[in-house]
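S.K.: Sharing a structure below in structure tokens format, with a few things to ask.
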Amino acid sequence: MPSVLSLNAFGSRIFLLVALLVAAIMASAATYFLISQNRALHDALTEQARSLAEGLSNGARLGVVLEDAHFVEQVCSGIQNLPHVLFIDVYLENGSVLFQSGDRKRKQLSDSDLSAARQGFMPGGEVSYAKDGEAYQEFLAPVLLDNHEIAGYLRMGLSTSDITRQWQRSLTTTLWVTPLMIIIACLLLYFPIRRMTRPIRALSQGAIRIGAGDLDFSIEVQSHDEIEQLATNFNAMAASLRRQNVEISNKTIELERSERKFRELFENIAQPLYINNLDGKLIDCNDAMVELFGYSSREAMIEQGSILYREAEQRCQMIDELLQKVEVKEREIDYVKLDGTPITALLTSRVRFDDHGEPIGFEGIIQDITDIRRLEDQLLHSQKMEAIGTLAGGIAHDFNNLLTAILSSAHLGKSQAESDSFSIGRFDTIINAGERAADLTRNLLGFARKGKGHIETINIIALVKEVEGLLRETFDRSITIHTRTDQDLWQVLGNHSQIHQVLINLLVNARDAVMQSANAEITICAQNRLIDSAFLQKHPDAIEGKYINIDIVDNGCGIPLSIIDNIFDPFFTTKEVGKGTGLGLATVYGIIKEHDGFLWLDSEQGKGTTFHIYLPAPTNAQERHMDTRGLVQRELTDKAADACAAVTHVLLVDDEQQLREIGAEMLKICGYTVFTASNGKEALDFLAHDLQRIDLVIMDLAMPVMGGEEALHHIRKMFPRLPVLIASGYSKASLDHPLELQKYEGFIEKPYTPDRLLAAVEKIIC
């Protein structure tokens, strides 16, 4: 038999539905048949009982009227012998028993039974059972006279065993015939249903293939009805889906390519990028973002939740502003790294919207400008210090000219005061005040980087030991002094006195800072350092190379953050009036910058301060240059020695009239013949006409019309053997290298005294 499972689900449901319907019909028919047959058997039994009752009633009527039991027995004996008649009872009209057959016990007739019998034949009621278990049914009928009066009653019990056996046979036959008929009906229905559902099965299989993504087929259905039309529509849908799939596939490839490009750009761009939601919680970011904020991985940063602002309310303000303006560009924001390091960045951000135009978050790019801001601050500071230095240098230069006139006049006045002690005392006062003023201008020139002085190779180890010895002799004994230096410490190319001054200035400040400390300590550390790119990231003002690092460390009171940016400004001091000029750290700054070094400090109030000094180690080219300068100096000394003792005529060139007059007077007192000129052009004109009368030129550098440097250049070309002594308000180190190579014979720094001037002249001519 074909299996129902060979049908599809729809066909199976139809088949099962029809099978159930057939089974229901068959079962109903069988049930109706059994019920009808049972009723017919009982009706036949009732009719038989009625017929027997009528016959007995007529036959036994006389015996009942005469109350002759024997007669009645004779009449009933023939019927009593019938196999299905179990008993016959005859009653008189008053209900008394006239005749009873059989040994079965029967219940007594009630008044209601007699009343019902008076109405006519009463069919049997409920089935009763005899002692032997045989089922029977009772019937009660009246015995009527001719005038239809009731003479008595007839009660008869008929066995139901025969009809029960007949009904059971019918039931057995029905129970096996009915399923057989159902099976035969299902078999007859299966093939038509299968044929009818074949197009639906084809549609179902096609739908399954379409659902699985297989669109390269067509459904073949030829039923010439709605199902065929449905199949045609399915085929059209599959073709449309094929076209759409191709379009979707192409668009998907484009989207994947675009997404890949975006992701590559997002991941590889050097600028930090981020995406977050409306609450500011981070959703995604690139590696540059992770690196900027110091996280170990992107996942760790996203898990952290949000970008750290230096001020929490700034984050809320930025979110509110973005929601109002949709976009902000290059807004300067202060952030904080994971380790607490502050950074400054430019934020460009905009709101992200969904397909319905509702804001769902933000995306942005962050440009770290911390180094730029630091460089700007350093540039502004350098420009400020340069401007102050230029101003200080100009003031010092002019002040030196004035001091030269004052000191020279005071010395001359003192030498001519003879024995007037009062006048000599006054001149000494003027000279002492002038010398202190000269020291002040030298400090100003040091800050203004207008002089490195004599350049030599400095042994830092020896310098530190020298300074340490000085400190132990002069500082309070309660201050503990430590020194640590590398044994193979590189040397420094610079001015020994100025580097010595740097250390002394910083150590004096350290001493003042630790005076109130319980365990006052000052430490001097010196070590070799190689400055690389990693170091430059933290200190952009440095330059790669070999440096000698000197640290001055104290555990004093520290420097307040509010003034730390001003400590290198000239005349800025926190000391009491009369205890500091405000030029100590300014001079340190100027000297270090003049030596092409750099410095910075770390300070924390209540814990102490560390000044970090970095001085470049000399290169091979610088060492060769030092050797060249030595050769040039020896050559100049030899030439000057040849001209010794022949100088009697001096040309003094200076744009300050007072200096010309004072200088000429000092030289004349010593026996020199002096000529003067107010600028370089006048000096060249004089030499062009009276060269034979001049043995030495004393010349300032900063002059109008033609300065000393240009004039010296012409003198060396026109009069190569004429000795020249430079007298300047700037230091010797301020001269450019080309000027040094023009081979002037001497240099004297203003303000000078008569003794120093004469010594400089004699050094050249002798």
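The values are calculated or read from the model by the stated rules, or taken from the named source; none is laboratory data. Because the structure is a prediction, the values reported are computed rather than measured. Because the Cβ atoms are built from the backbone with ideal geometry, glycine has one as well, and the counts that use them run over all protein chains shown.
S.K.: Kindly evaluate Ala733 against the criterion of being surrounded by 15 or more Cβ atoms within 10 Å (Cβ to Cβ), modelled with pLDDT under 85 and either part of a helix (DSSP H, G or I) or touching a Gly at 6+ places or on another chain (Cβ under 9 Å) (or both). If you could, list the steps in order and put the result at the bottom.
M.R.: Values: surrounded by 15 or more Cβ atoms within 10 Å (Cβ to Cβ): yes; modelled with pLDDT under 85: yes; either part of a helix (DSSP H, G or I) or touching a Gly at 6+ places or on another chain (Cβ under 9 Å) (or both): yes.
Yes, satisfied.
S.K.: Right, here's the next one. Which pairs do you get when a residue that is in contact (Cβ under 8 Å) with a residue 60 or more places away in the chain, found in the range 145-160, comes within reach of a residue that is among the hydrophobic types (A, V, I, L, M, F, W, C) and in a loop (DSSP other than H, G, I, E, B), reach meaning Cβ atoms under 8 angstrom, with the pair 6+ apart or on two chains?
M.R.: That search, which allows pairs on different chains as well, returns Ala151/Leu145; Tyr153/Leu109; Leu154/Ala60; Arg155/Leu109; Thr160/Val127.
S.K.: Related question: Determine, yes or no, whether Asn528 is touching a residue at least 40 places away in the same chain (Cβ under 8 Å), in the same structural domain as Leu585 (by TED's automatic domain parsing), touching an Asp or Glu at 6+ places or on another chain (Cβ under 8 Å) and among the polar types (S, T, N, Q).
M.R.: Numbers: touching a residue at least 40 places away in the same chain (Cβ under 8 Å): yes; in the same structural domain as Leu585 (by TED's automatic domain parsing): yes; touching an Asp or Glu at 6+ places or on another chain (Cβ under 8 Å): yes; among the polar types (S, T, N, Q): yes.
The answer is yes for Asn528.
S.K.: Among residues belonging to the range 184-200 that are basic (Lys, Arg) and surrounded by fewer than 17 Cβ atoms within 10 Å (Cβ to Cβ), point out the one that is farthest from Asn233 (Cα to Cα). Please lay out each step first, then the result.
M.R.: Residues of the range 184-200 basic (Lys, Arg): 194-195, 198.
Going one step further and asking which of them are surrounded by fewer than 17 Cβ atoms within 10 Å (Cβ to Cβ), we end up with 195, 198.
Values: Arg195: 21, Arg198: 17 Å.
So the residue we want is Arg195.
S.K.: Considering Asp602, Asp565, Asp596, Asp569, which residue is at pLDDT 70 or above and at positive phi? Steps first, please.
M.R.: Working: Asp602 fails: at positive phi; Asp565 fails: at positive phi; Asp569 fails: at positive phi.
Sole residue among the options that is at pLDDT 70 or above and at positive phi: Asp596.
S.K.: With the checklist (1) surrounded by 13 or more Cβ atoms within 10 Å (Cβ to Cβ); (2) modelled with pLDDT under 80 in hand, flag the one item Glu321 doesn't pass.
M.R.: Tallying (1) surrounded by 13 or more Cβ atoms within 10 Å (Cβ to Cβ); (2) modelled with pLDDT under 80, Glu321 fails exactly one: (2).
S.K.: Within the range 509-526, track down each residue that is modelled with pLDDT of 85 or more, surrounded by 16 or more Cβ atoms within 10 Å (Cβ to Cβ) and of a type outside the set (Asp, Glu).
M.R.: Asn509, Ala510, Arg511, Ala513, Val514, Ala520, Ile522, Thr523, Ile524, Cys525, Ala526
S.K.: Applying the selection to the range 482-507, what residues are over 19 Å from Tyr614 (Cβ atoms) and more than 48 Å from the chain's Cα centre (by Cα)?
M.R.: Step one: of the range 482-507, the residues over 19 Å from Tyr614 (Cβ atoms) are 482, 487, 497.
Scanning the range 482-507 gives a single hit, Ser497.
S.K.: Another one. Look through the range 340-355, keep the residues that are of a type in the set (Gly, Ala, Ser) and under 16 Å from Gly294 (Cα atoms), and return whichever of them is surrounded by the fewest Cβ atoms within 10 Å (Cβ to Cβ). Walk me through it before giving the result.
M.R.: Of the range 340-355, the ones of a type in the set (Gly, Ala, Ser) are 340, 345, 349.
Add one more test, that the residue is under 16 Å from Gly294 (Cα atoms), and what stays is 340, 345.
On the way: Gly340: 9, Ala345: 21.
The extreme case among them is Gly340.
S.K.: May I ask you to list pairs of residues, at least six apart or on different chains, whose Cβ atoms are under 7 Å apart, with the first in the range 337-348 being over 10 Å from Arg310 (Cα atoms) and the second being outside any loop (DSSP other than H, G, I, E, B) and among the aromatic types (Phe, Trp, Tyr)?
M.R.: Leu338/Phe293; Ala345/Tyr335
For every residue, the table says whether it meets (1) of a type in the set (A, V, I, L, M, F, W, C); (2) touching a His at 6+ places or on another chain (Cβ under 9 Å); (3) not assigned by TED's automatic domain parsing to the domain that holds Arg61.
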{"residue": "Tyr136", "(1), (2), (3)": "no, yes, no"}
{"residue": "Phe139", "(1), (2), (3)": "yes, no, no"}
{"residue": "Val143", "(1), (2), (3)": "yes, no, no"}
{"residue": "Leu154", "(1), (2), (3)": "yes, no, no"}
{"residue": "Trp176", "(1), (2), (3)": "yes, no, yes"}
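S.K.: Can you list residue pairs whose Cβ atoms sit under 8 Å apart, with the first residue in the range 312-336 being hydrophobic (A, V, I, L, M, F, W, C) and the second being at pLDDT 85 or above and loosely packed, with under 12 Cβ neighbours inside 10 Å? Count only pairs 6 or more apart in sequence or on different chains.
M.R.: Val336/Pro342
S.K.: Please note which helices (runs of 4 or more DSSP H) are completely contained in the range 282-335 and include at least 3 residues that are acidic (Asp, Glu) and in the same structural domain as Thr348 (by TED's automatic domain parsing). Explain how you work it out, then say what you get.
M.R.: On the way: elements: 287-293, 298-304, 312-325.
Once the helices (runs of 4 or more DSSP H) in the range 282-335 are filtered for at least 3 residues that are acidic (Asp, Glu) and in the same structural domain as Thr348 (by TED's automatic domain parsing), what remains is 312-325.
S.K.: Now, a different point. Which members of the range 535-545 meet the condition of being over 17 Å from Ile343 (Cβ atoms) and either hydroxyl-bearing (Ser, Thr, Tyr) or modelled with pLDDT under 80 (or both)?
M.R.: Asp541
S.K.: Same structure, new question: Test each condition in (1) surrounded by 14 or more Cβ atoms within 10 Å (Cβ to Cβ); (2) at pLDDT below 85; (3) of a type in the set (Val, Ile, Thr) for Thr609 and report the one that comes out false.
M.R.: It is condition (2) that Thr609 fails.
S.K.: If we scan the range 245-262, do we find a residue that is surrounded by 13 or more Cβ atoms within 10 Å (Cβ to Cβ) and more than 30 Å from Leu347 (Cα to Cα)? So that I can check it myself, show each step before the final result.
M.R.: Looking only at the range 245-262, we keep the residues that are surrounded by 13 or more Cβ atoms within 10 Å (Cβ to Cβ), and these are 245.
Filter once more, keeping what is more than 30 Å from Leu347 (Cα to Cα): 245.
Looking through the range 245-262, at least one residue is surrounded by 13 or more Cβ atoms within 10 Å (Cβ to Cβ) and more than 30 Å from Leu347 (Cα to Cα).
Matching residues to (1) more than 30 Å from Ala433 (Cα to Cα); (2) part of a helix (DSSP H, G or I); (3) at pLDDT 85 or above:
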position	(1), (2), (3)
Ile343	yes, no, yes
Leu347	yes, no, yes
Arg373	yes, yes, no
Leu379	yes, yes, no
Gln383	yes, yes, no
Glu386	no, yes, no
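S.K.: Out of the helices (runs of 4 or more DSSP H) lying entirely within the range 648-723, which hold 2 or more residues that are touching a residue at least 60 places away in the same chain (Cβ under 8 Å) and not polar (S, T, N, Q)?
M.R.: On the way: elements: 657-669, 680-690, 708-718.
It comes to 657-669.
S.K.: Out of (1) of a type in the set (Asp, Glu); (2) outside the structural domain of Pro83 (by TED's automatic domain parsing); (3) part of a helix (DSSP H, G or I), what's the single condition that is false for Asp162?
M.R.: (2)
S.K.: Can you confirm whether Leu507 is under 28 Å from Pro618 (Cβ atoms) and either β-branched (Val, Ile, Thr) or not in a helix (DSSP H, G or I) (or both)?
M.R.: Details: under 28 Å from Pro618 (Cβ atoms): yes; either β-branched (Val, Ile, Thr) or not in a helix (DSSP H, G or I) (or both): no.
Answer is no for this residue.
S.K.: How many residues are touching a residue at least 60 places away in the same chain (Cβ under 8 Å), over 20 Å from the mean Cα position of the chain (by Cα) and within 23 Å of Glu291 (Cα to Cα) when one looks only at the range 356-372? I'd like the intermediate steps shown before the answer.
M.R.: Of the range 356-372, the ones touching a residue at least 60 places away in the same chain (Cβ under 8 Å) are 359-368, 371.
Pick out the ones that are also over 20 Å from the mean Cα position of the chain (by Cα) and you get 359, 371.
This time we only want the ones that are within 23 Å of Glu291 (Cα to Cα), so: 371.
Count: 1.
S.K.: Test of understanding: among Val90, Val85, which residue is closer than 21 Å to Tyr136 by Cβ and modelled with pLDDT of 85 or more? Talk me through it step by step, then tell me what you get.
M.R.: Details: Val85 fails: modelled with pLDDT of 85 or more.
When all the criteria are applied, what remains is Val90.
S.K.: Would you confirm whether any residue within the range 260-281 is part of a helix (DSSP H, G or I), under 30 Å from Asp214 (Cα atoms), at pLDDT below 85 and not assigned by TED's automatic domain parsing to the domain that holds Gly364? It would help to see each step written out before you state the result.
M.R.: To start, the set of residues in the range 260-281 that are part of a helix (DSSP H, G or I) comprises 260-268.
Retained after the next criterion (residues that are under 30 Å from Asp214 (Cα atoms)): 260.
In the following step, the residues that additionally are at pLDDT below 85 were identified as 260.
Now restrict to residues that are not assigned by TED's automatic domain parsing to the domain that holds Gly364: 260.
The answer is yes, given that some residue of the range 260-281 is part of a helix (DSSP H, G or I), under 30 Å from Asp214 (Cα atoms), at pLDDT below 85 and not assigned by TED's automatic domain parsing to the domain that holds Gly364.
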